């Protein structure tokens, strides 16, 4: 674990770093986006706008990215054990710790999209290795009622190798929750953020 590095950055743990730097910056970055301009964009185009805001307009995180204390990788390429190429959306890296965020453009409560093409890639250790315990899901809600989508997806997430669903919000961000999953005796803690892209 990169404990000394995290302490050097002023955080007490990986959880503290994730919640109070990475995710708080992601929430701040989204607030800067013009919803009328992004609602019709592709998932990748919305993600790219978020990455720009993270890189240049998010205070402490932007400063740490520019002085190369933390690295941001957009569309990271990985090779799985099955020799398949996969692409992650947002990677934040410090020595010995990679935090991966999977982005989804959400129009409804599709299990295929959110579960199979989302959290399963973390739980099955496709996007992360066996020692990683944290990951993130970032959803751009472009249709339907955001609260209904969160409620329905929380149910689906709770049925997928779930140990616990924590409905306490992340950083006072109302449209969020956390889940803990266990598969093959490996535990992973996933943060779920839902951004309302409807103007």
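Filtering the range 94-128 to residues that are more than 19 Å from residue 82 (Cα to Cα), out of contact with any helix residue (DSSP H, G or I) (no Cβ under 7 Å at 6 or more places or on another chain) and in a helix (DSSP H, G or I) leaves 112, 113. Screening 78, 90, 27 for residues that are closer than 23 Å to residue 179 by Cβ, touching a helix residue (DSSP H, G or I) at 6+ places or on another chain (Cβ under 7 Å) and not in a loop (DSSP other than H, G, I, E, B) leaves exactly one candidate, 90.
Restrict the check to the range 82-104 and report whether at least one residue is exposed (fewer than 14 other Cβ atoms within 10 Å of the Cβ), over 19 Å from residue 143 (Cα atoms), touching a strand residue (DSSP E or B) at 6+ places or on another chain (Cβ under 9 Å) and touching a residue at least 12 places away in the same chain (Cβ under 8 Å). Within the range 82-104, one or more residues are exposed (fewer than 14 other Cβ atoms within 10 Å of the Cβ), over 19 Å from residue 143 (Cα atoms), touching a strand residue (DSSP E or B) at 6+ places or on another chain (Cβ under 9 Å) and touching a residue at least 12 places away in the same chain (Cβ under 8 Å). Once the range 140-199 is narrowed to residues that are in contact (Cβ under 8 Å) with a residue 40 or more places away in the chain and farther than 28 Å from residue 38 by Cβ, the residue that is surrounded by the most Cβ atoms within 10 Å (Cβ to Cβ) is 181. Taking the residues in the range 46-68 that are exposed (fewer than 13 other Cβ atoms within 10 Å of the Cβ) and either out of contact with any helix residue (DSSP H, G or I) (no Cβ under 9 Å at 6 or more places or on another chain) or at pLDDT 95 or above (or both) as candidates, determine which candidate is nearest to residue 129 (Cα to Cα). The extreme case among them is 68. For the range 122-135, check the following and say yes or no: at least one residue is crowded, with 16+ Cβ neighbours inside 10 Å, in contact (Cβ under 8 Å) with a residue 12 or more places away in the chain, in contact with a strand residue (DSSP E or B) (Cβ under 7 Å, 6 or more places away or on another chain) and under 24 Å from residue 34 (Cα atoms). So far as the range 122-135 goes, no, none of its residues is crowded, with 16+ Cβ neighbours inside 10 Å, in contact (Cβ under 8 Å) with a residue 12 or more places away in the chain, in contact with a strand residue (DSSP E or B) (Cβ under 7 Å, 6 or more places away or on another chain) and under 24 Å from residue 34 (Cα atoms). Of the residues making up the range 5-14, at least one is surrounded by 14 or more Cβ atoms within 10 Å (Cβ to Cβ), at negative phi, in a loop (DSSP other than H, G, I, E, B) and in contact (Cβ under 8 Å) with a residue 24 or more places away in the chain.
The values are calculated or read from the model by the stated rules, or taken from the named source; none is laboratory data. What you see is a predicted model, and the numbers here were worked out from it, not measured in a lab. Don't worry about glycine lacking a Cβ; one is built from the backbone with ideal geometry, like all the others, and counts go over all protein chains shown.
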